[in-house]
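Working notes for the structure below.
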Amino acid sequence: LAGLIFVLTGSMGQLSREEAKLRIESAGGRVTGTVSKRTSYVVAGDEAGNKLNKAKELGITVIDEQKLLSMIEPSVS
C-alpha cells in the first residue's frame, strides 16, 4: 500500500477504525481524516457520511472493509 492515501468513514464491522489505521500504516499506506484529490481510496463502513459524498464528488474510489482487508493481506483472500 506504499504511497496510497486512505480515508476511513463510517463504522467498520471486523476492525475498529484504529485497528484499520494501524494495518494500513503497517502495510505502507497513510490514513488522513479529510477527503481530497490526493486521496487514493475511501473505505466506507456503515453509516458513512459526508466523506463518502465528497469522495463521490471528486471521483475517488470507494471500497468496503472486505476490499481493504484483501488489499492488506492478499494471501488471505
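General observations
- Tally of residues being assigned to a loop (DSSP other than H, G, I, E, B) and either in contact with a helix residue (DSSP H, G or I) (Cβ under 6 Å, 6 or more places away or on another chain) or of a type outside the set (A, V, I, L, M) (or both) across region 2-36: 13
- Residue in region 39-50 that is out of contact with any Gly (no Cβ under 8 Å at 6 or more places or on another chain) and part of a helix (DSSP H, G or I) present: yes
- Inside region 51-64, residues that are in a loop (DSSP other than H, G, I, E, B) and hydrophobic (A, V, I, L, M, F, W, C) make up a count of 1.
- Region 36-77, subset of a type in the set (Gly, Ala, Ser) and surrounded by fewer than 11 Cβ atoms within 10 Å (Cβ to Cβ), residue farthest from residue 19 (Cα to Cα): 59
- Subset tally (residues that are closer than 15 Å to residue 69 by Cβ and at pLDDT 95 or above) for region 1-18: 3
- Identity of the residue in region 65-77, hydroxyl-bearing (Ser, Thr, Tyr) and part of a loop (DSSP other than H, G, I, E, B), that ends up modelled with the highest pLDDT: 75
- Positions within region 4-35 being surrounded by 15 or more Cβ atoms within 10 Å (Cβ to Cβ) and of a type in the set (Ser, Thr, Tyr), in sequence order: 9
The values are calculated or read from the model by the stated rules, or taken from the named source; none is laboratory data. Only a predicted model underlies this, so the values are computations on that prediction, with no experimental measurement involved. Ideal geometry is used to build each Cβ from the backbone, glycine not excepted, and the neighbour counts take in all protein chains shown.
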